[in-house]
1. Positive end of the dipole of the chain, charges at C-beta (+1 Lys, Arg; -1 Asp, Glu), about the Cα centre: which of Val14, Ile95, Ser2 has its Cα farthest in that direction?
2. Compute the helix-to-body angle for 69-85: its Cα long axis versus the longest principal axis of the chain, expressed 0 to 90° and rounded to tens.
3. Provide Ser2, Ser109 in ascending order of the number of other Cβ atoms located within 10 Å of each residue's Cβ, fewest first.
4. Size of the dipole of the chain about the Cα centre, Lys and Arg at +1 and Asp and Glu at -1 on the beta carbon, nothing else charged, in debye to 20?
5. Taking N as the number of residues in region 3-113, what is its Cα Rg relative to 2.2 N^0.38 Å?
Amino acid sequence: MSTAELGRTGEDLVAEHLMACGWQIVERNLRLSQGELDIVALAHTTLVFVEVKTRRTFVTGVPQAAVTAAKLRRLRRLAGEYLMERSTPHRDVRIDVVGVHAHLDGTFSLEHLEAV
């Protein structure tokens, strides 16, 4: 499985997990002028911008560690751009990060960090 395929698989798994939790997926892989948002979802009345990081190993750290302060600033700018361009009804807004670990046996595990 290529790195791109692994990333796509991770995003698919996260989207399925969020829907199973009762969330509504609003957008996926949304390209904006300053970058891309992996998943935009509604969790009840909260609009959540979800960054997905998928890794095979922890050699460079857990997947969530790839969301640096600079990446978080970029996500905030992208969320702001999204909110200026679209009128998805919501009461609150937050950014979540979901780390996906691809195990050698072909299984996956997820760790969801809310309001990073």
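Just so you know, all these numbers are worked out from the coordinates, no wet-lab data involved. Only a predicted model underlies this, so the values are computations on that prediction, with no experimental measurement involved. Here Cβ is always computed from backbone atoms with ideal geometry, including for glycine, and neighbour counts include all displayed protein chains.
1. Value computed over the given set: Ile95.
2. Around 40 degrees separate the two axes.
3. Ser2, Ser109
4. 420
5. This ratio for region 3-113 stands at 1.05.
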